[in-house]
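**Q** Can you keep this structure in mind? I'll have questions shortly.
The values are calculated or read from the model by the stated rules, or taken from the named source; none is laboratory data. Keep in mind the model is a prediction, meaning the values are calculated, not measured. Note that we place each Cβ from the backbone using ideal geometry, even for glycine, and neighbour counts take in every protein chain shown. Accessible surface areas use protein heavy atoms only, side chains included; no ligands, DNA or RNA. Shrake-Rupley method; radii C 1.70, N 1.55, O 1.52, S 1.80 Å.
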Amino acid sequence: MTTPHVLSEARSLSPLGTLTVIPWSSEATADSAGTPFLMAYSLGDGRDGPEAGQQAMRAALESMGLSVGDRLFDLEKDAGISATLLVEGGSAALTLPFLKVQCPVPAEWQAAARESGKVYFLCSVRPWAEAVPGRPVDEDRLRAFVSDEEMLADCAHVLLPVRRLQG
């Protein structure tokens, strides 16, 4: 079970609407702590409705130099894309040109991020109105949404290097 976190409060003035982030990780094995995932999505409650929100999200991603659905960007190799992820003290802080968020992450997620040094980030153009911030999302609902081929085709896919505070 994982819980979505609000990136920005419901913005009736924004075409993006309420932006939300949800962390999860794949199962750990004897050889690996698993793969950490982080997904950002809108609830589809923007001022002009869900379709306008999808267009606005696509435009925001494209203005960053990302494309939707056709490739995996690796920010250790793909220069010029402004996105950072800081993982420290049980939280992940994600910064993109159009949003900033800090969300709590489970210990197993943080261990996977530390081990791999990267997080697989999905930014969905498709809204997910059912995954409301503060309400737990069970594994079956999460798995159904994130494994849907059409939804995956409507995402930017990015490997974000994990940064940590030096100290």
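**Q** Using 0.36 nm per residue of separation minus the Cα-Cα distance, give me the extension gain between Arg135 and Ala93 in nm, one decimal. Can you show the working numbers first?
**A** Details: separation 42, 0.36 × 42 = 15.12 nm, distance 2.04 nm.
Here the answer is 13.1 nm.
**Q** Above 16 Å lies some portion of the pair distances; for the stretch 70-149, what is it as a whole percent of all C-alpha pairs?
**A** Details: 2011 of 3160 pairs.
Summing the P(r) of the stretch 70-149 above 16 Å gives 64 percent of all pairs.
**Q** For a test of the definition: using alpha carbon positions, the gyration tensor, and the 1.5 limit on a/c, classify the stretch 15-82 as rounded, prolate or oblate. Mind dumping the intermediate values first?
**A** Working: a/c = 3.31, a/b = 1.53, b/c = 2.17.
Taking the square roots of the gyration eigenvalues as a ≥ b ≥ c, the stretch 15-82 is oblate.
**Q** Which of the chymotrypsin sites (Phe, Trp or Tyr not before Pro) found in the stretch 97-145 are in a DSSP loop and have at most 13 neighbouring Cβ atoms, other than their own, within 10 Å? Mind dumping the intermediate values first?
**A** Values: sites: Phe98, Trp109, Tyr120, Phe121, Trp128, Phe145; in loops: Phe98, Trp128.
Here no chymotrypsin sites (Phe, Trp or Tyr not before Pro) fit, given the DSSP loop and packing criteria.
**Q** If you roll a 1.4 Å probe over the heavy atoms of the protein chains, what accessible area per residue do you get for the chain, in Å²?
**A** On the way: 8380 Å² over 167 residues.
For the chain, the solvent-accessible area averages 50 Å² per residue.
**Q** What percent antiparallel are the DSSP beta bridges of the chain, to the nearest 5?
**A** Numbers: 28 of 37 bridges.
Roughly 75 percent of the beta bridges in the chain run antiparallel, per DSSP.
**Q** Could you check how much of the accessible area of the chain is carbon and sulfur, as a whole percent, using a 1.4 Å probe? Display every interim value, and only then the final one.
**A** Numbers: 4160 of 8380 Å².
So the carbon and sulfur contribution to the accessible surface is 50 percent.
**Q** Oh, and also: Using a 1.4 Å probe on the protein heavy atoms only, what accessible surface does Ser147 show? Give it in Å² to the nearest 10.
**A** Roll a 1.4 Å probe over it and Ser147 shows about 70 Å².
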